[in-house]
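Right, one structure below, let's go through it.
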Amino acid sequence: MPNEAWANLLAWCKAQRESLQMQREMLRSGRFSVFEHHDSGPRDISAEHIGRINHSLTQLNAIIAEFERHHA
């Protein structure tokens, strides 16, 4: 059972990584943008989101690599 739980966690991490990579590419390509509304009007904060996605991807890659190093 514990091995199944770890395998499920690894699969979730890989699915999240794929989803985040797709979101990052869509933001980078301009297919969609993220806006924050201020009194002066909307402000594009897509670059900030790309930075957050990059940080999350770094963390997920570290988790995946560590798991694969110890369980492969």
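The values are calculated or read from the model by the stated rules, or taken from the named source; none is laboratory data. Here the structure is a predicted model, which means the values were calculated and not measured. Cβ coordinates were reconstructed from backbone atoms using ideal geometry, including for glycine residues, and neighbour counts include every protein chain displayed.
In the list Glu36, Glu48, Glu66, which residue meets the criterion of being in contact with a strand residue (DSSP E or B) (Cβ under 8 Å, 6 or more places away or on another chain) and without any contact (Cβ under 8 Å) to a residue 40 or more places away in the chain? If you could, list the steps in order and put the result at the bottom.
Working: Glu48 fails: in contact with a strand residue (DSSP E or B) (Cβ under 8 Å, 6 or more places away or on another chain); Glu66 fails: in contact with a strand residue (DSSP E or B) (Cβ under 8 Å, 6 or more places away or on another chain).
Within the list Glu36, Glu48, Glu66, the selection yields Glu36.
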Original post:
What is the residue count in segment 18-34 for residues that are surrounded by 12 or more Cβ atoms within 10 Å (Cβ to Cβ) and of a type outside the set (Ser, Thr, Tyr)?
Top reply: 9
Original post:
Among the residues of segment 30-72, which ones are more than 16 Å from Lys14 (Cα to Cα) and among the hydroxyl-bearing types (Ser, Thr, Tyr)?
Top reply: Ser33, Ser40, Ser46
**OP:** Assess whether Ile63 counts as being modelled with pLDDT of 95 or more, in contact with a helix residue (DSSP H, G or I) (Cβ under 6 Å, 6 or more places away or on another chain) and assigned to a helix (DSSP H, G or I).
**Re:** no
